[in-house]
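The values are calculated or read from the model by the stated rules, or taken from the named source; none is laboratory data. If you're wondering where the values come from, they're calculated on a predicted model, not measured in any experiment. Cβ placement follows ideal geometry from the backbone for every residue including glycine, while neighbour counts extend to all protein chains displayed. Surface areas here come from the heavy atoms of the whole protein model, side chains and all, with no ligands, DNA or RNA. Shrake-Rupley method; radii C 1.70, N 1.55, O 1.52, S 1.80 Å.
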Amino acid sequence: MSEDKRADSRSSSGIFYGVAAFLLWGTFPAFFGLLDFADPVEILAHRVVWTLLLMLIVLAFAGRLGSLRGINARTWLLVTAASAAIAVNWGTYIYAVVSGRVVEAALGYFINPLVTVLLGVVIFRERLRPAQIAALVLAATAVVVITVDFGKPPIVALLLAGSFATYGLVKKVVPLDPRTSLTAEGVVAAPFAVGYLVFLGLTGAGAFISSGAGHSLLLLAAGPVTALPLLLFGVAAQRVPLATMGMLQYLTPALQMAWGVAVMHEDMPASRWIGFVLIWAALVIFTTDTFVAGRGSRRSMRSSVEPEVPVT
């Protein structure tokens, strides 16, 4: 197989894995809605414990358990920050689903890319292009419109967007492969999760055993349900350009919003639709600008390495 065909095959498979990951994330309201028999914090604790167990098995099969022993103190601090951010994200999302706020959760993931850009400006002093500024202004306007509609800021959406943007920011500087990093994050969070589950067991307040075998299996399933799309995403990210991944990621909140409106029949007054339209307009501007800037950057790199042709 030629190099070009191999690259095309790798890119095609990467898109497949990426679409699979985002589609699975898009079905999360359906799965986590089944867990409403348990308290959101208990669901989060089970999610942490069973995801860690599965990732330890994945690392063992890959022969990479030793990679955990080689993590230095600075990296463990970064992993701890990532673990805290993703725990807030997971916990907030579980709460949103079991309390019937799926549309607001979808809003959080729609505005997440824009919050990521904002963090880049604040923390890394990145300069914004005019289109990015326009996108952020539209997003801020949308949040104001939705705040007026709700009568209060969309806390769930802002927490989801802020925590996941923070998680991505930390992951950007964690010097570990995705499997090791996710496992290490579980190692940090597991003592708290296990401690809470033991407390629930001793006090008889937990749903894991008292709710029956079917409910216990659903809580166990939170591990593979969490880990599978993350692993698929990790493979896709290595094979697909960031611009493509950026466009694919909107599959998740689109599906989640559709579930909230069509299946859970959440209220969507006209003012809320206006807020979402403003967000979508901001995302169109942001994604288009990212794509155009990426193409321009690649064109500049190619021209910089081309040999000069002497003028005769």
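Would a scan of segment 125-142 turn up a residue that is out of contact with any Cys (no Cβ under 7 Å at 6 or more places or on another chain) and closer than 23 Å to A262 by Cα?
Yes, because at least one residue in segment 125-142 is out of contact with any Cys (no Cβ under 7 Å at 6 or more places or on another chain) and closer than 23 Å to A262 by Cα.
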Query - Pairs with Cβ under 7 Å, 6+ apart, first in segment 34-49 and open to solvent by 40 Å² or more (accessible area, probe 1.4 Å), second hydrophobic (A, V, I, L, M, F, W, C) - result: L34/L218; D36/V98; F37/A207
Query raised in the report: Hey, among the residues in segment 50-107 that are assigned to a loop (DSSP other than H, G, I, E, B) and over 26 Å from G162 (Cα atoms), which one's most open to solvent (accessible area, probe 1.4 Å)?
Result: R69
Requested in this report: Among the residues of segment 211-235, write down those that are open to solvent by less than 40 Å² (accessible area, probe 1.4 Å) and more than 14 Å from the chain's Cα centre (by Cα).
Outcome: G212, S216, L219, A221, A222, G223
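So which of L182, L197 ends up being of a type outside the set (D, E), modelled with pLDDT of 85 or more and in contact with a His (Cβ under 9 Å, 6 or more places away or on another chain)? Full working, then the answer.
Working: L182 fails: in contact with a His (Cβ under 9 Å, 6 or more places away or on another chain).
From the options L182, L197, the qualifying one is L197.
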Query raised in the report: Is it the case that some residue within segment 252-270 is without any contact (Cβ under 8 Å) to a residue 60 or more places away in the chain, over 24 Å from V103 (Cβ atoms) and either under 16 Å from the mean Cα position of the chain (by Cα) or surrounded by fewer than 18 Cβ atoms within 10 Å (Cβ to Cβ) (or both)?
Result: no
